[in-house]
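To start, the structure under review is shown below, and the notes come after it.
Bear in mind these aren't lab numbers, they're just calculated from the coordinates by the rules spelled out. Bear in mind the structure is a predicted one, so any value in this text is a computation, not a measurement. Heads up, the Cβs are rebuilt from the backbone with ideal geometry, glycines too, and the neighbour counts pull from every protein chain shown.
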Amino acid sequence: MYDIMQQPLKRSSMSSTQTAEEKISVATDMETAPRMEALRLNAWYGKTQALFNVSLEIPRNKVLAIIGPSGCGKSTFLRSLNRMHEEVGGRIDGRILLDGEDIMDNDPVFLRRKVGMVFQKPNPFPTMTVAQNVVAGLKLNGMRDRKELARITEENLRRVALWDEVKDALNKPGSSLSGGQQQRLCIARTLAVEPEVILMDEPASALDPISTMKIEELIDELKKKYTIVIVTHNMQQAARISDYTAFFYMGKLIEVGKTSKIFTKPAHRQTEDYVTGSFG
Amino acid sequence: MSTAALYTWRKFKNAMMLSMTGLSLLAVIGVLFLILAYTVSKGINHINWDLITQMPAPVGEEGGGMANAIVGSLILVALGSAYGIPVGLFAGIYLAETEKGWFARTVRFLTEVLNGIPSIVIGVVAFIVVVLPMKRFSALAGGFALGILMIPLITRTTEEMIRLVPSSFREAGLALGIPRWKTMLFVILPAAFKGIFTGIFLSIARAIGETAPLLFTALGNRFWSTELDQPIASMTVFIYDYARAPFDDWNQQAWAASFILIMLVFVLNIIFRFVTRKTYTA
Amino acid sequence: MSLSMQDHNDQRSGQQAVRPAARALSLGGMFRKNPGDLIFENVTRFFAFIVLALVVLMVYEMTVQSWPSIQHFGFSFVSSSDWDPVNDLYGALPFIYGTLFSSLGALLLAVPLSVGVAIFLSEIAPGWLEQPLSMLVELLAAIPSIVYGLFGIFVMVPWLQTDIQPFLIEEFGWMPLFEGAPYGFGMLAAILILTIMILPIITSISRDVMRAIPDTQREAAMALGATRWEAIRIVLTGSKSGILSAALLGLGRAVGETMAVTMVIGNSADISISVLNPAHTMASVLANEFAEATSQLYVSSLIEIALLLFVMTLILNAIARGIVWRITKRYGAVAA
């Protein structure tokens, strides 16, 4: 399996730029096959191209942070991974593989159950209670067993360390919680459908420092079981929580590597400037 | 003109024009209250249970009510709703989901066209399409006309209310692996429900208040009838007939019926405004 | 199906080789779209199609049914003023004239009044008062047409007959516009009732258009020492095209308004310049005569009138919407 996966990547690197070779060095660092990979990915919104020829592997059960200045395409990349990109009229070209399968070949609905997403602003469903929010994905996909749903509700609220705070408020509207609680509720909602990969789009940027800390602790906990890709503006956050870091600039992947390396001795000038705060 | 005089003139003109605008408003609101006041004062004698529980009295006799007309109006509106609501609702959902493309744009434009068509013209069409083939006036023809009238309002409110729901909820649903249609039906529609629901009620209010499209479709009926293939009475045609009748007592009944009609329509309108004003700010 | 999909995938991946081993693992390869979504999309599209079909059906049916009349009378249908059911002769000019006269007359009165109200609501009224006042004005639009008719017959017509029209005849009787006897019923009553009925729509659109003009314009004028009214003049200049489209939409309403007009206009197929005389509109002749029309040509002629009415409102609405659309593009959202 591993061999099959690697072969085409090598081939692609021959004809590709510096960037792709950089990526290979990550790949050889990894102990197992990547969970997801993007191959020569281009993305457009209307006529504007947002991503240029990005090839990137997403390591299994690790946290990959994506950093870069605003408009660098990091969100577009993230949203391509679960095909949310196309919901707003975007278009991609190139391939994205999940465990070796092209995600474009499958029903996006099934893909998204495997590749969950947490958004920048907490967005619990407005007409549902806390408990209903947690199991919304399961219920709307046909699960009816009340006992099982209650068990899953509790289990996932515990996983995001929210159970003790809301166990008496399960029947209140999801929107009645505080911002930080709402975001953890949204993570619990994502976890409840048992995804393999969790995409996070600046999940803490709208939150206060304490809530941010809780989310970061949670991410650290979650990576034991899940593959996590997190887009963040906050470099310290990327340094604290991620194993690998990818730097995007103007729609291109400039560099990717172990977080320690990216933040201490990046190979590219632009990366260095960005992580040291010279621009962006 | 000296500067001082010019200044005084400008001040005077300012004061005059501003008070003119205030007076226009007073005049308009005055008319509203005038209509309401007349409706109440002229109909007060007949605003009672008889009006809604009794059948019309024989020609020339006093008293009686419009029980058959109330039931008739309800039947007509129910017929119109039976197809007007689903068509309007689903067309609205389609338009909300499909922003671009020639088909969506055409339908959106035609919704506006439909909204602007005089109701009497819709009556003519219902006459051609239903009355001519059946060779008789009928409740079905009236219901068909009212349904067409309801569609544009429902379509437009549905589209607008769905668009008011922040896209983040939709994205959250899709990102959980919930199919688009379930996200629409079980996440977005519930969030937009209040607005859509009152929009539907508003269109029902409009249909109940319509007279012109019923004149040569449902026609009217002085007797009790709930047969769908027979002419049927309605509140508005009742008012029309009673307003033109030479009996003072009947005229008063027309006012009383108008009062009920206005109250119905106003309450629905005020609820609609109240509900649509507070929307999501997220 | 599967072949073409393969082609497409190859194209998408460019020179990237397709790995058969990996592709074989893909189980749901048949569905690139969710089947439920596909069904739902087509169901909703079907209902949207019904809207389209309804409009097409309306135009088609009216054209077919009015064909005998169109063939028989040709252009003289709109140029002749002979409306003579007894001899099966139909010319719609009196109705077209009545419709235009009553609608334009109402517009003439309603526009200044509406703009005045709109100015008060958007520029003068304090914020807390604006909403309830707007609501009251818009409630006028919610009153059913039949109630306006009732008000017209029992309140307005007697008032016109005893107070207003004698005065007009006395003072302005030398003008052809106010020549005649005080019937009460007639063109004047129709114009007044239409004025009230189209006020709300013109007011609310004008108000929205004015509100869309940026505050900087008002402030700039005030800063230059302009009076409040002079600043409003600048706002008015900026909202000209919006008010025009509001007026056109109002005209569209007036043209199609049936019940209230039918009840007060007096119903007479004569062309007269005087607002005191009874008249007819296209809508009112339909309301009065359609159910009783006997001969086939009679019905066909009435349907041709409906068709003309449809075309008239369609044109008015299209122009008005076009203007609103252009303003919306320029200033952002204008609720109309």
Exercise for the section: Taking the dipole about the Cα centre of the protein assembly as shown, with the C-beta of Lys and Arg at +1 and of Asp and Glu at -1, give me whichever of C:Met135, A:Ala204, C:Pro68 is farthest to the positive side. Expected result: A:Ala204
Exercise for the section: Could you pull out the GluC sites (Glu not before Pro) across the stretch C:132-231 that fall in loop regions by DSSP (anything but H, G, I, E, B) with no more than 12 other Cβ atoms inside 10 Å? Expected result: none
Exercise for the section: Please state, rounded to one decimal and in Å, the Kirkwood hydrodynamic radius that the stretch B:127-252 gives when every pair of distinct Cα atoms enters the mean of 1/r. Expected result: 17.3
Handout entry: Normalised convex hull volume, the stretch A:159-236, alpha-carbon set, Å³ per residue
Key = 96
Practice task
Could you give me the radius of gyration and the Dmax of chain C, taking only the C-alpha atoms into account and expressing both in angstrom?
Solution key: 28.0, 100
Exercise for the section: Within a 10 angstrom radius of each residue's Cβ in B:31-40, how many Cβ atoms of other chains show up on average? Whole number is fine. Expected result: 4
Exercise for the section: Taking the Cα centre of the stretch C:93-331 as origin, sum charge times position over the Cβ atoms of Lys and Arg (+1) and Asp and Glu (-1), and report the length of that vector in debye to the nearest 20. Expected result: 1000
Fill in the blank from the handout: For peptide C:169-180, the mean count of other chain Cβ atoms within 10 Å per residue Cβ is 0
Handout entry: Rg(Cα)/(2.2 N^0.38 Å) for the stretch B:1-87, N = residue count
Key = 2.17
Exercise for the section: Quick one: give the max-minus-min coordinate of the C-alpha atoms of the stretch B:1-149 along each principal axis, largest first, in Å. Expected result: 79, 59, 27
Problem - Inter-chain Cβ neighbour average for residues B:230-236, partner chain, 10 Å - result: 1
Practice task
Only Lys, Arg, Asp and Glu count, each charged at its Cβ (+1, +1, -1, -1), so figure out the dipole size of the protein assembly as shown about its Cα centre, rounded to 20 debye.
Solution key: 3240
Exercise for the section: Calculate one ³J(HN,Hα) per residue across the stretch A:46-56 by plugging θ = phi - 60° into the Karplus curve 6.51 cos²θ - 1.76 cosθ + 1.60, and present them in order as whole Hz with x for glycine and proline. Expected result: x, 9, 7, 8, 9, 10, 10, 6, 8, 10, 7
Handout entry: Positive dipole terminus of the stretch C:93-331, leading residue within C:Val285, C:Val311, C:Ser206 (C-beta point charges)
Key = C:Ser206
Exercise for the section: Using a 10 angstrom cutoff on alpha carbons, build the Gaussian network for chain C and name the most mobile of C:Ala287, C:Ala260, C:Ala226. Expected result: C:Ala226
Practice task
State to the nearest 20 debye the size of the charge dipole of the stretch B:51-277 about its Cα centre, where the only charges are +1 on K and R beta carbons and -1 on D and E beta carbons.
Solution key: 900
Exercise for the section: Mean Kyte-Doolittle of at least -1.0 plus a Cα span of 18 Å or more along the axis: flag which DSSP H helices in chain C meet both, please. Expected result: C:35-73, C:93-119, C:127-142, C:187-211, C:240-256, C:296-331
Problem - Extreme residue, positive dipole direction of the protein assembly as shown, given options A:Ile230, C:Val147, B:Phe144 (C-beta unit charges) - result: A:Ile230
Handout entry: P(r) tail fraction, chain B - alpha-carbon pairs more than 27 Å apart, %
Key = 54
Practice task
Over the residues of the stretch B:3-46, compute the C-alpha Rg and express it relative to 2.2 N^0.38 Å.
Solution key: 2.05
Problem - Within a Gaussian network of chain A (alpha carbon springs, distance under 10 Å), most fluctuating of A:Ile198, A:Ile152, A:Ile230 - result: A:Ile152
Exercise for the section: Divide by every residue of the protein assembly as shown the summed helix terms, -39500 (n - 2.57) for each DSSP H run of at least 4, and state the resulting mean residue ellipticity at 222 nm, rounded to the nearest 500 deg cm²/dmol. Expected result: -19500 deg cm²/dmol
Practice task
Find the all-direction average of the projected area of the Cα convex hull for the protein assembly as shown, expressing the result in square nanometres with one decimal place.
Solution key: 47.9
Completion exercise
Which of A:Lys172/B:Lys194; A:Lys74/A:Lys114; A:Lys147/A:Lys223; A:Lys62/A:Lys261; A:Lys62/A:Lys114; A:Lys121/A:Lys214 exceed 25 Å between C-alpha atoms? The answer is A:Lys147/A:Lys223
Problem - Inter-centroid distance (Cα atoms) of the stretch B:69-92 relative to the stretch C:86-143, Å - result: 28
Fill in the blank from the handout: Taking only the alpha carbons of the stretch C:110-243, the radius of gyration and the largest Cα-Cα distance, Dmax, both in angstrom, are 19.0, 55
